[in-house]
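Notes follow once the structure below has been shown.
The values are calculated or read from the model by the stated rules, or taken from the named source; none is laboratory data. Computed from a predicted model, the values in this text were never measured in an experiment. Ideal geometry is used to build each Cβ from the backbone, glycine not excepted, and the neighbour counts take in all protein chains shown. Just so you know, the surface numbers come from the protein's heavy atoms only, side chains and all, with ligands and any DNA or RNA stripped out. Shrake-Rupley method; radii C 1.70, N 1.55, O 1.52, S 1.80 Å.
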Amino acid sequence: DHDMPALRMTDRDKAILIALYEYRVLTTKQISHLFFGETMNDSDGQTNSRCLARLRKLFHHGYIWRDELPVKLNEGRKPLLHFIDRQAVPLVAEELGVMLEEIDWKPAFNRLKPLSINHLLATNDFRIAVRLAATLQGLDLHQWIDDKSLRRQAAHDRTTLTNR
């Protein structure tokens, strides 16, 4: 598409894509909170315009896939949900220093049931709060074991009962 604005990938863009890979789904507000200095308490509903512009560019260039939360008619608009898209996968692998095959992503991961999305977004709110609180204390959060990883580990745990 010749009308598409050019994209010069920034370090922040790369960090956003890595976060989307690691968190699986983030709202515009969560991304703005993590990368554009917006607080989660900013209640005026206005999201940082630089954040919106970057997310729009990343979407139009195929790095981000967007969706909306399912809504009831009386609930009004819900925030956009952002996931990584195919174009981001090689970049994420390169940024993480791993082989492409090691990236645990497929397009189906972007199709979540509403209950799963709500749970994941709430978990991500907590994870973001922990990450930013750690940063304020001069600490880095080196590892976060998410639900998917915990379930995978639990699938390998076995218990054996025997008679005495």
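The table below gives the values:
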{"item": "Matching entry among Glu75, Glu68 (being open to solvent by 70 Å² or more (accessible area, probe 1.4 Å), modelled with pLDDT under 90, closer than 19 Å to Ile31 by Cα and among the acidic types (Asp, Glu))", "result": "Glu68"}
{"item": "Count of the range 78-87 residues which are of a type in the set (D, E, K, R) and open to solvent by less than 60 Å² (accessible area, probe 1.4 Å)", "result": "1"}
{"item": "Lone qualifier among Ser43, Ser49, Ser32 - being hydroxyl-bearing (Ser, Thr, Tyr), open to solvent by 80 Å² or more (accessible area, probe 1.4 Å) and modelled with pLDDT of 80 or more", "result": "Ser49"}
{"item": "Residue in the range 132-142 that is touching a residue at least 12 places away in the same chain (Cβ under 8 Å) and touching a Phe, Trp or Tyr at 6+ places or on another chain (Cβ under 7 Å) present", "result": "no"}
{"item": "Search result, residues across the range 68-85 that are more than 20 Å from Phe35 (Cβ to Cβ), of a type in the set (Asp, Glu) and under 17 Å from the mean Cα position of the chain (by Cα)", "result": "Glu68"}
{"item": "Matching residues, the range 88-111, being exposed (fewer than 15 other Cβ atoms within 10 Å of the Cβ), within 11 Å of Leu17 (Cβ to Cβ) and of a type outside the set (A, V, I, L, M)", "result": "Pro90, Glu94"}
{"item": "Leading residue by the ranking (farthest from Leu100 (Cα to Cα)) among those in the range 56-65 that are among the hydrophobic types (A, V, I, L, M, F, W, C) and open to solvent by 40 Å² or more (accessible area, probe 1.4 Å)", "result": "Phe59"}
